[in-house]
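S.K.: Sharing a structure below in structure tokens format, with a few things to ask.
The values are calculated or read from the model by the stated rules, or taken from the named source; none is laboratory data. Given the structure is predicted, the values throughout are model-derived calculations rather than measurements. A quick note on method: Cβ atoms are made from the backbone with ideal geometry, for glycine too, and the neighbour counts reach across all protein chains shown. Surface accessibility is based on the protein's heavy atoms, side chains included, excluding ligands, DNA and RNA. Shrake-Rupley method; radii C 1.70, N 1.55, O 1.52, S 1.80 Å.
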Amino acid sequence: MPTPHINAADGDFAPVCLMPGDPRRARHIAETFLTDARLVTDVRSIEGFTGTFEGRPVSVMAHGMGIPSCSIYATELVQHYGVRSLVRVGSCGSIREDLPLRSVVVALGASTDSMVNRTRFRGYDFAAVADFALARAAVDAAAALEVPVQVGNVFSSDLFYAPDPSINEVAAGLGILAVEMEAAGLYGVAAETGARALTLLTVSDHIVTGEHLSPEDRQHTFDDMVRIALATAIADA
């Protein structure tokens with residue numbers, strides 16, 4: 001049944017859904033990697049598609065920017081459309097000198113400055129973690145595709161323009177690999193709804209060195225990550 005943010009019909013979504021932030025990337029994944037992909041939702045120009053990959057049904061839908069937007073779409077996909085596994089495919093900024101541009105990160109956990117998970121947990125800290133089976137499948141898929149990955153914690157920030165950049169040094173000192181804006185919220189939704197979730201990220205910017213990828217390099221690295229995500233999706237199907 002359609003929701004305020006998704007106008008798909010019942011049965012339009014596969015049990016597993018890849019979720020980039022950018023609607024153009026959702027379309028790119030559908031047109032480049034899926035067979036017989038069809039548009040199933042386009043409310044507010046946030047497009048979702050369903051097709052097959054190696055014979056298995058797979059959906060892809062954008063989630064927008066930030067924890068609130070991602071949480072809305074993730075919640076509605078699970079509660080109204082029966083999606084059971086959500087794989088975010090996005091970008092991040094490295095805060096460690098030993099995590100260079102083009103690296104692929106498997107976000108096993110997500111720290112955050114957001115209050116969403118404390119709200120869920122009545123003021124207590126909630127350990128926002130990925131589903132282990134999905135994470136293991138992603139690491140195995142990356143090895144099979146010969147794409148190196150780093151596995152660890154990321155920082156999901158509510159603020160793109162942070163007023164105190166020194167927090168990145170503190171985070172790096174705690175072993176956090178990179179900064180992004182959605183994983184902690186996605187993992188909270190998955191825990192709350194009984195779904196499974198994973199975040200895969202490409203390092204498109206390096207906060208320490210100031211380096212960033214060109215649009216061409218960004219797309220090439222993104223496609224490598226999508227291949228890992230799709231292999232993970234069919235392993236989970």
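S.K.: SER69 - would you say it is surrounded by fewer than 24 Cβ atoms within 10 Å (Cβ to Cβ), modelled with pLDDT of 95 or more and part of a strand (DSSP E or B)? Don't jump to the end; show me each part of the working.
M.R.: Details: surrounded by fewer than 24 Cβ atoms within 10 Å (Cβ to Cβ): yes; modelled with pLDDT of 95 or more: yes; part of a strand (DSSP E or B): no.
In short, no.
S.K.: Please give the number of the condition ALA130 fails out of (1) within 22 Å of THR75 (Cβ to Cβ); (2) surrounded by fewer than 17 Cβ atoms within 10 Å (Cβ to Cβ).
M.R.: Failing condition for ALA130: (2).
S.K.: Take segment 201-218 and flag every residue that is in a loop (DSSP other than H, G, I, E, B), open to solvent by less than 60 Å² (accessible area, probe 1.4 Å) and either in contact (Cβ under 8 Å) with a residue 12 or more places away in the chain or within 15 Å of VAL149 (Cα to Cα) (or both). I'd like the intermediate steps shown before the answer.
M.R.: Residues of segment 201-218 in a loop (DSSP other than H, G, I, E, B): 207-211, 213-214.
With the extra rule that they be open to solvent by less than 60 Å² (accessible area, probe 1.4 Å), the set shrinks to 210, 213-214.
Within segment 201-218, just LEU213 meets the criteria.
S.K.: So, GLY11, is that one assigned to a loop (DSSP other than H, G, I, E, B), over 23 Å from ALA135 (Cα atoms) and either open to solvent by less than 10 Å² (accessible area, probe 1.4 Å) or not β-branched (Val, Ile, Thr) (or both) or not?
M.R.: Details: assigned to a loop (DSSP other than H, G, I, E, B): yes; over 23 Å from ALA135 (Cα atoms): yes; either open to solvent by less than 10 Å² (accessible area, probe 1.4 Å) or not β-branched (Val, Ile, Thr) (or both): yes.
Answer is yes for this residue.
S.K.: Same structure again: Starting from residues that are out of contact with any Phe, Trp or Tyr (no Cβ under 7 Å at 6 or more places or on another chain) and surrounded by 22 or more Cβ atoms within 10 Å (Cβ to Cβ), keep the ones in segment 26-45 and report whichever is nearest to ILE6 (Cα to Cα).
M.R.: The extreme case among them is THR41.
S.K.: Quick one: in segment 219-237, of everything that is open to solvent by 70 Å² or more (accessible area, probe 1.4 Å) and under 16 Å from VAL104 (Cα atoms), which residue is farthest from the chain's Cα centre (by Cα)?
M.R.: The selected residue is HIS220.
S.K.: Would you check if there is a residue in segment 46-55 being open to solvent by 10 Å² or more (accessible area, probe 1.4 Å), of a type in the set (S, T, N, Q) and under 18 Å from ALA191 (Cα atoms)?
M.R.: no
S.K.: Is there any pair linking a residue in segment 133-160 that is of a type in the set (Asp, Glu) to one that is part of a helix (DSSP H, G or I), with Cβ under 7 Å and at least six apart or on different chains, and which?
M.R.: Close Cβ pairs (under 7 Å, with a partner that is part of a helix (DSSP H, G or I)) amount to ASP158/ILE67.
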